[in-house]
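Note sheet for the following structure.
The values are calculated or read from the model by the stated rules, or taken from the named source; none is laboratory data. Computed from a predicted model, the values in this text were never measured in an experiment. So basically every Cβ, Gly included, is an ideal-geometry build from the backbone, and we count neighbours across all protein chains shown. With ligands, DNA and RNA removed, areas are computed over all heavy atoms of the protein, side chains included. Shrake-Rupley method; radii C 1.70, N 1.55, O 1.52, S 1.80 Å.
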Amino acid sequence: MSTSPVALAPQPFLLRFVSLFVPGRSFEFPCDAAGHVDLEALSDRGRINYFFARGMVGRDYSTPRICGTASG
């Protein structure tokens, strides 16, 4: 019997929120092809950042886009 943790497959997509005012600033979160983010897979800080970016769409961040990752 193995006691090693099960490794989750990396998501081949990212949900990217780009700043409307600061070039180069963005938030990125692993997601599926439909843009669904697995909140339970995020760290506490990741969840805070995700909800912040989502709440600031149209104020500080653009509508998120689904992007492919370099490994996906």
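For beta carbons closer than 8 Å, sequence separation of 6+ or different chains, a first residue in the range 47-62 that is at pLDDT 95 or above and a second that is acidic (Asp, Glu), there are no qualifying pairs.
Can we say Glu28 is at pLDDT 95 or above and either touching a strand residue (DSSP E or B) at 6+ places or on another chain (Cβ under 9 Å) or in a loop (DSSP other than H, G, I, E, B) (or both)?
Values: at pLDDT 95 or above: yes; either touching a strand residue (DSSP E or B) at 6+ places or on another chain (Cβ under 9 Å) or in a loop (DSSP other than H, G, I, E, B) (or both): yes.
Spelling it out, Glu28 is indeed at pLDDT 95 or above and either touching a strand residue (DSSP E or B) at 6+ places or on another chain (Cβ under 9 Å) or in a loop (DSSP other than H, G, I, E, B) (or both).
Could you please find all residues in the range 17-58 being farther than 17 Å from Thr69 by Cα, within 9 Å of the chain's Cα centre (by Cα) and aromatic (Phe, Trp, Tyr)? Within the range 17-58, just Tyr50 meets the criteria. Within the range 31-72, being touching a strand residue (DSSP E or B) at 6+ places or on another chain (Cβ under 9 Å), over 13 Å from Phe13 (Cα atoms) and open to solvent by 70 Å² or more (accessible area, probe 1.4 Å) holds for Phe52, Arg54, Thr63.
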